[in-house]
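Comments concern the structure below.
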Amino acid sequence: MRLSPEQTKAIRDRVRALLGAHARVSLFGSRVDDYACGGDIDLLVEVGEPLSNRAAMASRLAAELQIALGEQRIDVVLVDPLTPVQPIHEVAHKQGVLL
């Protein structure tokens, strides 16, 4: 996994601050591969309660992570119980690493 312990902690802290202590966050995509280079930070964030506006919350989380982590490309896939299952969710579950 190509995130430092400080980056991992910052991600967990921001997710929990915005979405609660029970929110789960996993890293997936190229940053899971220790031998790859570059790539954005792909995060799957799962919450147990429905959100009134998933898109707005995902954008807010991405913005806060930009501030916390510096200039990085960050993609947030936010899933609540009402989110229709998409192929990206299956990929993220298959290759994701829980942070």
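Read-outs throughout are calculated quantities, based only on the coordinates presented, and are distinct from any laboratory measurement. Everything numeric in this text was worked out from a predicted model, so none of it was measured. Positions of Cβ are backbone-derived with ideal geometry, glycine not excepted, and every protein chain shown enters the neighbour counts.
Residues in region 49-82 that are of a type in the set (Gly, Ala, Ser) and surrounded by 11 or more Cβ atoms within 10 Å (Cβ to Cβ) were compared, and the one that is farthest from Glu6 (Cα to Cα) is Ala56.
For region 21-43, filtered to residues that are over 15 Å from Leu99 (Cβ atoms) and of a type in the set (Asp, Glu), the residue that is surrounded by the fewest Cβ atoms within 10 Å (Cβ to Cβ) is Asp34. Consider region 83-92 and keep the residues that are more than 19 Å from Leu51 (Cβ to Cβ) and not hydrophobic (A, V, I, L, M, F, W, C). The one that is surrounded by the most Cβ atoms within 10 Å (Cβ to Cβ) is Glu90. Of all residues in region 1-52, exactly one satisfies the criterion of being closer than 17 Å to Gln66 by Cα, part of a loop (DSSP other than H, G, I, E, B) and hydroxyl-bearing (Ser, Thr, Tyr), namely Ser4.
Restricting the first member to region 52-65 and to residues that are under 21 Å from Thr8 (Cβ atoms) and in contact (Cβ under 8 Å) with a residue 12 or more places away in the chain, and the second to residues that are in a helix (DSSP H, G or I) and of a type in the set (Gly, Ala, Ser), the beta-carbon pairs closer than 9 Å and six or more apart or on different chains are Glu64/Ala17; Leu65/Ala10.
Within region 1-12, being surrounded by 13 or more Cβ atoms within 10 Å (Cβ to Cβ) and either touching a Cys at 6+ places or on another chain (Cβ under 9 Å) or charged (D, E, K, R) (or both) holds for Arg2, Lys9, Arg12.
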